[in-house]
1. So which pairs qualify, if the first residue must be in the range 199-220 and touching a residue at least 40 places away in the same chain (Cβ under 8 Å), the second must be surrounded by 15 or more Cβ atoms within 10 Å (Cβ to Cβ) and in a loop (DSSP other than H, G, I, E, B), the Cβ gap must be under 7 Å, and the two must be at least 6 apart or on different chains?
2. Looking at (1) touching a strand residue (DSSP E or B) at 6+ places or on another chain (Cβ under 7 Å); (2) modelled with pLDDT under 85, find the lone condition where Val156 falls short.
3. What are the pairs, 6+ residues apart or on separate chains, where a residue within the range 20-45 that is touching a residue at least 60 places away in the same chain (Cβ under 8 Å) has its Cβ under 8 Å from a residue that is charged (D, E, K, R) and not in a helix (DSSP H, G or I)?
4. Out of Arg209, Arg198, Arg226, which single residue is assigned to a helix (DSSP H, G or I), open to solvent by 20 Å² or more (accessible area, probe 1.4 Å), within 21 Å of Gly38 (Cβ to Cβ) and charged (D, E, K, R)?
5. In the range 55-66, is there at least one residue being open to solvent by 50 Å² or more (accessible area, probe 1.4 Å), at pLDDT 75 or above, in a loop (DSSP other than H, G, I, E, B) and not basic (Lys, Arg)?
6. Kindly indicate which of Pro135, Pro145 is touching an Asp or Glu at 6+ places or on another chain (Cβ under 8 Å) and surrounded by fewer than 16 Cβ atoms within 10 Å (Cβ to Cβ).
7. Which members of the range 4-24 meet the condition of being surrounded by fewer than 15 Cβ atoms within 10 Å (Cβ to Cβ) and outside any helix (DSSP H, G or I)?
8. Suppose the filter is of a type outside the set (Asp, Glu) and assigned to a helix (DSSP H, G or I); does Leu74 pass it?
Amino acid sequence: MSDIPKSHPRYASLVTREQLVAAAHAGVVSYEGLTSHGRGEAFDYLLGEKTSPSALSAEKLAAAVLLAAKHPVLSINGNTAALAAAEIADLQKASGAEVEVNLFHRTEERVKLVESVLEKAGCRLNKGKTERCVPLPHDRGLCDPEGIGSADVVLVPLEDGDRCEALVSMGKIVITIDLNPIDRTSKTASLPIVDEVRRALPNIAAECRRLLAEQKPVLMPEIDSRAILKAAVSDMEAFLEHALD
């Protein structure tokens, strides 16, 4: 890691970039994933790099969905593992969801590297047999039939839009975390969360714990994905109105 002074105005962003580069050199993140991160970071500027009111509302809904689900699974790719392994482990503890690795640029070696990162952070992983359970012509269609394949709710941070669409078409409730409210991932998700993954996951975990502390049954909430995305765009517009003040 470079010697980045903490006084640098972009300290957190620069450290994150170096973490991802190191993860790419280690084989956890694909080099194409670095471009994906940069695209998301650009949208975070439009939120003021903080959780918006609409995102927090969506994150609270996501907690209820995970707790009400019969078989929830957190589907994790390389970028998410590199950025937020500890947060994934904490959400697993809070929600009781399973965790399964799913990669677009997939090799068995890379799967094991990503699994190792998650296990070191405290995740318990699905490592069952792999089949093409999702109707896609690439490797993101491969998953454990007893994991993602049979899940009723799948949380997919930093997801590919075509896989999100395919999972929804299979009748699954799909929760996404993506900073772009107008891409296919957000627009096809059952419950889109427009936030940065390391902010969103702890918020979902905290709400899971709050709901469980009430010791009441958690019912599956009504979800209006279009209203959630409209609110996210409105939050961006509100930030931009005052950005030059």
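1. Sorted first by the residue in the range 199-220, then by its partner, the pairs are Arg199/Thr51; Asn203/Thr51; Leu211/Val218.
2. Answer for Val156: the failing condition is (2).
3. Every condition considered, the pairs that remain are Gly40/Asp178; Gly40/Glu196; Asp44/Glu196.
4. Only one candidate passes the filter, namely Arg198.
5. Initial filter on the range 55-66 (open to solvent by 50 Å² or more (accessible area, probe 1.4 Å)): 56-57, 60.
So of that shortlist, the ones also at pLDDT 75 or above come out as 56-57, 60.
Imposing the further condition that a residue be in a loop (DSSP other than H, G, I, E, B) reduces the set to none.
Scanning the range 55-66, I find no residue that is open to solvent by 50 Å² or more (accessible area, probe 1.4 Å), at pLDDT 75 or above, in a loop (DSSP other than H, G, I, E, B) and not basic (Lys, Arg), so the answer is no.
6. The match here is Pro145.
7. Residues satisfying the conditions are Pro5, Lys6, Ser7, His8, Pro9, Arg10.
8. Details: of a type outside the set (Asp, Glu): yes; assigned to a helix (DSSP H, G or I): no.
Taking the combined requirement at face value, the residue does not satisfy it.
The values are calculated or read from the model by the stated rules, or taken from the named source; none is laboratory data. Just so you know, these numbers come straight off a predicted model, no measurement behind them. Here the Cβ is made from the backbone with ideal geometry for all residues, glycine too, and neighbour counts use every protein chain on show. Side chains included, ligands, DNA and RNA excluded: accessible areas come from the protein's heavy atoms. Shrake-Rupley method; radii C 1.70, N 1.55, O 1.52, S 1.80 Å.
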